[in-house]
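Below is one structure, written out as structure tokens; comments come after it.
The values are calculated or read from the model by the stated rules, or taken from the named source; none is laboratory data. Not measured: the values here are computed from a predicted model. Here the Cβ is made from the backbone with ideal geometry for all residues, glycine too, and neighbour counts use every protein chain on show. SASA here: full protein model, heavy atoms, side chains in, ligands and nucleic acids out. Shrake-Rupley method; radii C 1.70, N 1.55, O 1.52, S 1.80 Å.
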Amino acid sequence: CSAAQAGRRRFRHPRTNPRFASFLMSDRIVKTISCRELHELSLNGPLDLIDVRSPEEFHDVRAALARNMPLDTFDPAAIVESRITHADKPLHFICAVGARSAWACEIMMAAGHENVINVAGGTQAWYLSGLPIEHGPPAVK
């Protein structure tokens with residue numbers, strides 16, 4: 001593996017991880033929200049929107065509210081620790097079209113964090129809905 005990969009934790013596919021076996025056989029359903037609904041919620045105060053796409057995809061185009069935590073280095077504990085909202089508020093996940101973010105929600109639920117919501121349609125739907133987007137590296141705050 002390359003030097004860049006050596007320092008990164010590799011994502012272990014849940015189907016090969018015994019810790020997730022019982023979760024995968026459960027009847028849990030991932031909650032979803034539309035892009036418009038999420039944008040309306042954001043107008044009422046801060047919310048956590050985690051984009052699980054690669055940094056390259058994230059820099060290309062993203063929902064203006066999103067912060068990047070790629071699925072290949074996904075760490076539920078780090079996500080919970082870095083949240084900007086109170087612990088009783090949901091964590092929202094987005095990707096390109098909704099598949100990877102749904103998977104991220106499943107991983108979070110398997111790790112014991114039930115209050116997670118997938119953004120239906122992902123960044124593509126966000127963009128096509130005419131909602132606020134950003135390009136390039138995120139601004140340093």
**Report entry** Residue match in segment 83-99 (condition: of a type outside the set (Gly, Ala, Ser), touching a strand residue (DSSP E or B) at 6+ places or on another chain (Cβ under 9 Å), in a strand (DSSP E or B) and touching a residue at least 60 places away in the same chain (Cβ under 8 Å))
**Finding:** no
**Report entry** Hits in segment 78-118 - residues which are among the β-branched types (Val, Ile, Thr) and either surrounded by fewer than 20 Cβ atoms within 10 Å (Cβ to Cβ) or out of contact with any Leu (no Cβ under 9 Å at 6 or more places or on another chain) (or both)
**Finding:** 80, 84, 85, 97
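Could you tell me whether residue 115 is modelled with pLDDT of 95 or more and in contact with a strand residue (DSSP E or B) (Cβ under 6 Å, 6 or more places away or on another chain)?
So residue 115 does not fit the description; no.
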Query raised in the report: surrounded by 20 or more Cβ atoms within 10 Å (Cβ to Cβ), on the phi > 0 side of the Ramachandran plot and touching a helix residue (DSSP H, G or I) at 6+ places or on another chain (Cβ under 7 Å), is that true of residue 136?
Result: no
Report summary line: Within segment 104-138, residues free of Cβ contacts under 8 Å to residues at least 60 places away in the same chain and not in a loop (DSSP other than H, G, I, E, B) come out as 104, 108, 122, 124, 128
Query - residue 75 among the charged types (D, E, K, R), open to solvent by 20 Å² or more (accessible area, probe 1.4 Å) and within 21 Å of residue 112 (Cβ to Cβ) - result: yes
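Out of the residues in segment 58-72 that are open to solvent by 50 Å² or more (accessible area, probe 1.4 Å) and under 13 Å from the mean Cα position of the chain (by Cα), state the one that is farthest from residue 108 (Cα to Cα).
65
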